[in-house]
1. So for segment 144-154 (the condition being touching a residue at least 12 places away in the same chain (Cβ under 8 Å), in contact with a helix residue (DSSP H, G or I) (Cβ under 6 Å, 6 or more places away or on another chain), surrounded by 14 or more Cβ atoms within 10 Å (Cβ to Cβ) and not polar (S, T, N, Q)), does at least one residue qualify?
2. Can you confirm whether segment 54-66 contains a residue that is in contact with a strand residue (DSSP E or B) (Cβ under 7 Å, 6 or more places away or on another chain), farther than 25 Å from LYS131 by Cα and either at pLDDT below 95 or charged (D, E, K, R) (or both)?
3. Could you list, in sequence order, all residues of segment 99-115 that are in a helix (DSSP H, G or I) and either in contact with a strand residue (DSSP E or B) (Cβ under 7 Å, 6 or more places away or on another chain) or open to solvent by 70 Å² or more (accessible area, probe 1.4 Å) (or both)?
4. Testing GLU118 on (1) without any contact (Cβ under 8 Å) to a residue 60 or more places away in the chain; (2) surrounded by fewer than 14 Cβ atoms within 10 Å (Cβ to Cβ), one condition comes back false. Which one is that?
Amino acid sequence: AIKSMPLWPQEFDFIIRGYASPKYKEYLETLVENLGLTHRVQLADPVPFGELIEVASEADIGYFVHKDLSPQKRFVLPNKFFEYIQAGLALCVSDLPSMAEIVKQHSLGVLVGDYTEEAIATAINSLTKDKIREFKQASIDAREELCWENESQKLISYYDSIMTSR
């Protein structure tokens, strides 16, 4: 994503929040500096879990793009994906089956079909202010459905069906 930023609109900044080993953080800082993006990229410290959604809601777009390297990666539905929805963000995520299905079903954002700088930039560049606003509202609407309180009932029901079929 950082390497694709020179292709993004100048008004888009990027906040990367979370833990990074000192060596990796140094690598990212060097990359950002070498690309002349120090004014647009912020490497932010992690926040306590209880504050994560509130802090994330200060952004407009939740980004989660990774390579399709294995079945585990291909069908991933990471916590981050749902945290972005709970925060009411537009999504920019990998076009992988599980995430893509939810993004399309609820009109939550854009999908990145390839793990290249150009593909990432194309997805980001398609996000106009109006589209971001629409996707953010869709996330706000979907978060009532896509939450643990609802999903836990499905899981319990599934477990019950397994136990009664024995």
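The values are calculated or read from the model by the stated rules, or taken from the named source; none is laboratory data. In this text, all values refer to a predicted model and were calculated from it rather than measured experimentally. With ideal geometry, Cβ positions are generated from the backbone for all residues, glycine too; neighbour counts draw on all protein chains shown. Calculation scope for accessible area: heavy atoms of the full protein, side chains included, ligands and nucleic acids excluded. Shrake-Rupley method; radii C 1.70, N 1.55, O 1.52, S 1.80 Å.
1. yes
2. The answer is no, given that none of the residues of segment 54-66 is in contact with a strand residue (DSSP E or B) (Cβ under 7 Å, 6 or more places away or on another chain), farther than 25 Å from LYS131 by Cα and either at pLDDT below 95 or charged (D, E, K, R) (or both).
3. Hits for segment 99-115 are MET99, ALA100, GLU101, VAL103, LYS104, GLN105.
4. (1)
Table: residues versus (1) open to solvent by 100 Å² or more (accessible area, probe 1.4 Å); (2) among the aromatic types (Phe, Trp, Tyr).
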{"site": "LEU7", "(1), (2)": "no, no"}
{"site": "PHE12", "(1), (2)": "no, yes"}
{"site": "ILE16", "(1), (2)": "no, no"}
{"site": "SER21", "(1), (2)": "no, no"}
{"site": "TYR24", "(1), (2)": "yes, yes"}
{"site": "LEU37", "(1), (2)": "no, no"}
{"site": "ARG40", "(1), (2)": "no, no"}
